[in-house]
Amino acid sequence: SQQGEEDPQALSIQEGENATMNCSYKTSINNLQWYRQNSGRGLVHLILIRSNEREKHSGRLRVTLDTSKKSSSLLITASRAADTASYFCATALTYNQGGKLIFGQGTELSVKP
Amino acid sequence: GAVVSQHPSWVICKSGTSVKIECRSLDFQATTMFWYRQFPKQSLMLMATSNEGSKATYEQGVEKDKFLINHASLTLSTLTVTSAHPEDSSFYICSASRGGATNEKLFFGSGTQLSVL
């Protein structure tokens, strides 16, 4: 079953603007991950943040995690048209699930040139 | 980086036929692979966890006799959709973890678009 909810479901911005996507989850987690999916393709891992971390950066990506609110956000700064894709958060539960991830509903990002 | 190859990319078949999808880890051994299903503009739904040398673990609501999973080696898992029907049409994606039992990132295949006529 899905445990992640993301908002917004769709986001349209201009190139150069920042894009923020949010993810909420229900159960305790080991870590939370963000993935990107181009239309009709597989997913690409972007960043992983562990339950004891609050913020993480990778290039133009910034991820925050608030375990008290069971929520995370992904910020893409200075967006580019090539960032157009769907973005999913995924949670790894605290007990050993052999790497099993539960995905959120996703945010469809459109960056207009 | 780790590469997961999924084949075929797309397949069209007649209702009642069976379709096999392969998922290979090309440069690492994957003791565990995962199979997901995705409908248009929706999230990935985990179907089953494929374990090398043992039976797959299916998620609730997934018919194990309908979706046969075989993980015969550390680099290959297959998903067979048996007696496919139009409602089985979907995008199927496999993934693998390098860490096996640890909760680390997954590497995904490029997906298979199945269309059942």
Point to revise | Alpha-carbon Debye profile of chain B, log10 I(q)/I(0) at 0.09 Å⁻¹ | key: -0.21
Review point. What nm value, rounded to one decimal, do you get for the distance between B:Gln60 and B:Ser73 when each label is placed 7 Å out toward the C-beta?
Key: 3.7 nm
Check your understanding: What size of dipole, in debye to the nearest 20, comes out for the protein assembly as shown about its Cα centre when the only charges are +1 on Lys and Arg C-beta atoms and -1 on Asp and Glu C-beta atoms?
Key -> 220 debye
Review point. Which net charge results when you count Lys and Arg as +1 and Asp and Glu as -1 among the other residues whose beta-carbon is under 12 Å from that of A:Gly16?
Key: 0
Practice item. Take every Cα pair under 8 Å in chain B that's 6+ residues apart, average their separations, divide by the length, and report that relative contact order as a whole percent. Key: 37 percent
Revision key, fill the gap. Expressed in µm² per second, the diffusion coefficient of region B:1-56 from the Stokes-Einstein equation, with Rh the Kirkwood radius over alpha carbon pairs, at 25 °C and 0.890 mPa s, is 183 µm²/s
Check your understanding: Rounded if a/c is under 1.5, else prolate if a/b is larger than b/c, else oblate: which is the protein assembly as shown, with a ≥ b ≥ c the root eigenvalues of its Cα gyration tensor?
Key -> prolate
Revision key, fill the gap. The aspartates and glutamates whose Cα lies under 13 Å from the Cα of A:Lys26, excluding any fewer than 8 residues away in the same chain, are A:Glu5, A:Glu6, A:Asp66
**Study point:** Hits among aspartates and glutamates - C-alpha to C-alpha of A:Lys112 under 13 Å, sequence gap 8 or more where chains match
**Key:** A:Glu15, A:Glu17, A:Asp83
**Study point:** Rounded to the nearest 20 debye, dipole of region B:28-110 from Cβ charges on Lys, Arg, Asp, Glu
**Key:** 180 debye
Check your understanding: In nanometres, what is the gap between the two model label sites at A:Leu61 and A:Glu5, each 7 Å from Cα along Cα-to-Cβ?
Key -> 2.5 nm
Review point. When only DSSP loop residues count, what trypsin sites (Lys or Arg not before Pro) in region A:14-113 have their Cβ near at most 14 other Cβ atoms within 10 Å?
Key: A:Lys26, A:Arg54, A:Arg60, A:Lys69, A:Arg80
Study note, to complete from the structure: Here the whole-number average of other chain Cβ atoms within 10 Å per Cβ of B:53-62 is 1
Point to revise | Calculated FRET value between A:Ser28 and B:Ser5, using beta carbons and R₀ = 30 Å, to 0.05 | key: 0.30
Study note, to complete from the structure: Cα-Cα longer than 22 Å, checked against B:Lys41/B:Lys64; A:Lys70/A:Lys100; B:Lys20/B:Lys66; A:Lys100/B:Lys64, kept in input order, equals B:Lys41/B:Lys64
Revision key, fill the gap. Charge tally for neighbours of B:Met47 with beta carbon under 9 Å away, counting Lys, Arg as +1 and Asp, Glu as -1, is 0
Review point. Which net charge results when you count Lys and Arg as +1 and Asp and Glu as -1 among the other residues whose beta-carbon is under 13 Å from that of A:Val44?
Key: +2
Review point. How long are the three semi-axes of the equivalent ellipsoid for region A:3-96, computed from the Cα gyration tensor as the root of 5 times each eigenvalue, in whole Å, largest first?
Key: 23, 14, 12
Review point. Which whole number gives the average count of other chain Cβ atoms within 10 Å of the Cβ atoms across peptide A:27-39?
Key: 2
Check your understanding: Quick one: if you stick a label point 7 Å off each Cα along the C-beta vector at B:Gln113 and A:Ser73, how many nm between them?
Key -> 3.6 nm
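We did not get these values from a lab; they are worked out from the coordinates using the rules stated. Values in this document were obtained by computation on a predicted structure and should not be read as measured data. All Cβ positions, even for glycine, are placed from backbone atoms using ideal geometry, and neighbour counts span all protein chains on display.
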